[in-house]
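Student: Take this structure, written in structure tokens, and hold onto it; I'll ask about it next.
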Amino acid sequence: MHKNILCLVLIIFSVCVSAQKKPAIDKEWERYMDSLIAANPYAQIPFDTLLARVYANQLDYKTVSARTKLMWDNSETKQEFQGTIRLVKDSIIWGSLFGAMGVEGARILLTPDTFKIINKLNNQYAIRDFKFLQDWLLFPVTFKMVQQTLAGQKVDIGEVASAAFWHDSAYVIYYETDKLQEKIWVQPQNYTITKMVLIDKALQQDMLITFDGYTDLNGKPFSYKRSVEINRGTYIVKLTIDVTRIIVNEPVDLPFEITDRYKIVE
């Protein structure tokens, strides 16, 4: 279990990419969008209207506490975990991972500036700045993007090029920076997100996130079943997340005590 703990943690807390300035929309994708609109002149969707409806559906919260069941699959091994995730909006992301026997394997604490982890199986801990996640994932991850992913919201990449249109019975929102393409599929009946694809244009890798099992939570549709799949050439990792319980806007406990039994990893 301990070999996969760090990888699992980083996948859960890092499904996003940051933005750069002044890119143009990818020409191939622009031609594809133009062909769709040419085939059906009424297919183009008012971007601001669609985006406003998606945002209106997002969970409004100050704190979140969720229990989850996790399945990790890297094509060589499959492992089941349980996890508890707690959010204090714009401030703290806290997580705890348990093995099948109920033994806690790791505890994580993220802030906008820091990444901290306690490996309870090896009695070790590490404290890093947030750049640690960026370097490990080869993605310029931001705290806000991680937070949005965990809350089941649209991931903001700081885009400077965008479009929206109708395709295969769904709205598709398209964003681009000079390093990343993002595509978001939205159900027309209730404006919920069904999947997001992040494509790294430089490193030939992509990330597919799916959202299912929507149920009302505080008057908003919330996805209780999700999957994250990362493709890097022949390397494929998939994480399935089932939210079994969630509480919103109640005080949360964020224990992260480092005792003398733990040795620091430099």
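Student: May I ask you to order 125-131, 64-70 by the average number of other C-beta atoms within 10 Å around their residues, highest value first?
Tutor: 64-70, 125-131
Student: A further question on this structure: Which GluC sites (Glu not before Pro) from the range 140-202 combine a DSSP loop assignment with at most 11 other Cβ atoms within 10 Å?
Tutor: Sparse-neighbourhood loop GluC sites (Glu not before Pro): none present.
Student: Once you put a point 7 Å from the Cα of residue 113 and another 7 Å from the Cα of residue 160, both along the Cβ direction, what distance in nm separates them?
Tutor: 2.9
Student: Sequence neighbours fewer than 8 away in the same chain don't count; with that in mind, list the aspartates and glutamates whose C-alpha is under 15 Å from residue 220.
Tutor: 60, 212
Student: Sort out for me the Cα centre separation of the range 244-266 from the range 146-221, rounded to whole Å.
Tutor: 30
Student: For every other residue with a beta carbon closer than 10 angstrom to the beta carbon of residue 159, add +1 if it is Lys or Arg and -1 if Asp or Glu, then tell me the sum.
Tutor: Result for the local shell: -3.
Student: Now for a different question. Which value results for Rg/Rh of the range 76-221 when Rg is the Cα radius of gyration and Rh the Kirkwood radius based on the inverse mean 1/r?
Tutor: 1.00
Student: What is the distance, in nm, between label points placed 7 Å from the Cα along the Cα-to-Cβ direction at residue 200 and at residue 247?
Tutor: Result for the modelled spin labels: 3.8 nm.
Student: Kindly state, to the nearest 0.05, the FRET efficiency for residue 218 paired with residue 261, given R0 = 51 Å and r defined as their beta-carbon distance.
Tutor: The pair residue 218/residue 261 has a calculated efficiency of 0.80.
Student: How much length, in nm to one decimal, is gained on full extension between residue 91 and residue 231, taken as 0.36 nm per residue of separation minus their Cα-Cα distance?
Tutor: 47.4 nm
Every read-out reported here was derived from the displayed coordinates using simple, explicitly stated rules and does not represent laboratory data. As the structure is a prediction and not an experimental result, all values here were calculated from the model. Note that each Cβ is placed from the backbone with ideal geometry, even for glycine, and that neighbours are counted across all protein chains shown.
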